[in-house]
Ligand code: NDP
């Protein structure tokens, strides 16, 4: 199986006539679409402010479309500055009247209720997440939903134990948290933000991304059903201007942002000189480092998971593969064979591995960077998979012969595109891995535990995975170095981001 390795390196990276891993008909999957007849998406969605859904003062709504079909799913309210002000004031009232006065053991019950409701409605939420954002149902069902519920369960556990979280030091909540989240993990990012804020006694105003607002609004419905006091959680939808108004609002005590480094810098400028606390979780260009002594077949699965999971729309994606030179050809051949078997298509089909690109804009950005890679002389291989005619799609792709200075080695592509580079020594691997403005995550593949620890200590990355990739747990802090941002989410460290510790 697999193409030959010549003495000049791997066979040319062109589209093979047939995939090298040929299973005949044994691996032909019949369509397995998730039933969606029980899911009803409200055609017109409003803002959730002060415990009730209401029309925006702006009077405006915008469409949210399915990136896999280009069909409109719903109209969503666009919050303007007055709506943002209403939401912040309602969060302030809820903070003063109820939430800051409530014992932690009571807050815990509400947070726990949200966690249970997420589990109960997991199927519906996973379907809407896949429809609105394009991610495969097996990922929204098996990753996003369980992790979102786990974040609420975990933080429900902390709510009455915060006196033990800071080594005997006293703490207090910050007040109103303005939280702005991206489109790659809409419900999960909402959970990462809302759960710790509530557990620590803050109230929140959440602004989901323009292209994926639906599951955040379903979370608002859950908050309503869980009978949280009105205004403890507010969800306002809109585009960048809504987020900017929220970050700049003087009534906000804490801004938490996940998204692009460019917007993160804008937010940092907007809050500079104010009393607001800020955490930023921004972009990444992570190195996934494969040593010659690694279990190569497992590493291939880790590489695939690292870059093709969620269409590569992952801030911590292993988008730069650093391979020890002696196994480069072997790894490239196996990777090429493996990605030729990935199934790209309908996000609602349970067999789909790679879904739709989140938006037309993101697809254009991926195409632009891939064209830049080709112009700069790197060799491209794209999996020979058929793509649906409607919707936004991009085949799993990797480039070999990538220079460190190349745009595809430096810029966050945020799509299913991997850049392959080589190294000869651990020192060289460290130098190349750290040669980036980012520092969010990294992966190391080796059968030597000591080597993994030695590397991990020298990598400037907030999260380092050893012989695995993209593993998340609510008890494990996540966050970056350098232009990947600051502050941590998850674990005891994440509680510090929502408290003032004296
Ligand atoms: P953004 O950083 O623009 O979006 C993140 C969130 O911020 C969204 O809710 C967005 O709203 C909001 N926002 C936009 N402008 C402002 C502003 N001036 N003030 C406050 N909030 C604002 O990401 P994009 O969607 O534009 O994606 C661009 C690139 O960013 C991607 O190609 C990718 O490379 C990277 N990215 C990285 C992410 C990460 O987790 N590291 C996540 C998402 C994107 P709205 O969606 O309505 O514009």
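The values are calculated or read from the model by the stated rules, or taken from the named source; none is laboratory data. What you are looking at is a predicted structure, and each value in this text was computed from that prediction instead of being measured. Note that each Cβ is placed from the backbone with ideal geometry, even for glycine, and that neighbours are counted across all protein chains shown.
Annotations
- Some residue of the stretch 276-299 being modelled with pLDDT under 95 and within 10 Å of the ligand (Cβ to nearest atom): yes
- Of everything listed in (1) surrounded by fewer than 23 Cβ atoms within 10 Å (Cβ to Cβ); (2) away from the ligand (no atom under 13 Å from the Cβ), the single unmet condition for residue 355 is (1).
- Filtered residue count, the stretch 284-299, keeping only those that are without any contact (Cβ under 8 Å) to a residue 40 or more places away in the chain and assigned to a loop (DSSP other than H, G, I, E, B): 1
- Sole residue being outside any helix (DSSP H, G or I), farther than 16 Å from residue 395 by Cβ and either more than 16 Å from the ligand (Cβ to nearest atom) or in contact with a helix residue (DSSP H, G or I) (Cβ under 6 Å, 6 or more places away or on another chain) (or both), chosen from 330, 342, 321: 321
- Residue pairs whose Cβ atoms lie under 6 Å apart, separated by 6 or more positions or on different chains, with the first residue in the stretch 260-277 and in contact (Cβ under 8 Å) with a residue 12 or more places away in the chain and the second part of a helix (DSSP H, G or I), are 261/483; 267/247; 270/247; 270/248.
- Residues in the stretch 238-247 that are over 12 Å from residue 179 (Cα atoms) and surrounded by fewer than 24 Cβ atoms within 10 Å (Cβ to Cβ): 3 in all.
- For the residues 228, 187, the requirement of being touching a residue at least 60 places away in the same chain (Cβ under 8 Å), in a helix (DSSP H, G or I) and either surrounded by fewer than 24 Cβ atoms within 10 Å (Cβ to Cβ) or in contact with a helix residue (DSSP H, G or I) (Cβ under 7 Å, 6 or more places away or on another chain) (or both) singles out 187.
- Hits in the stretch 375-406 - residues which are surrounded by 16 or more Cβ atoms within 10 Å (Cβ to Cβ) and over 22 Å from residue 342 (Cβ atoms): 376, 401, 406
Okay, residues lined up against (1) crowded, with 24+ Cβ neighbours inside 10 Å; (2) modelled with pLDDT of 95 or more; (3) within 15 Å of the ligand (Cβ to nearest atom):
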site	(1), (2), (3)
193	yes, yes, yes
206	yes, yes, yes
210	no, yes, yes
222	no, yes, no
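- Flag not set for residue 192, criterion: touching a helix residue (DSSP H, G or I) at 6+ places or on another chain (Cβ under 9 Å), farther than 19 Å from residue 103 by Cβ, touching a residue at least 60 places away in the same chain (Cβ under 8 Å) and not in a helix (DSSP H, G or I).
- Against the numbered list (1) within 30 Å of residue 173 (Cα to Cα); (2) within 16 Å of the ligand (Cβ to nearest atom), residue 361 comes up short only at (1).
- Close pairs from the stretch 114-127: first over 22 Å from residue 197 (Cα atoms), partner surrounded by fewer than 17 Cβ atoms within 10 Å (Cβ to Cβ), Cβ under 6 Å, at least 6 apart: 124/39; 127/36; 127/39
- Check on residue 243, away from the ligand (no atom under 12 Å from the Cβ), modelled with pLDDT of 95 or more and either more than 30 Å from residue 345 (Cα to Cα) or in a loop (DSSP other than H, G, I, E, B) (or both): no
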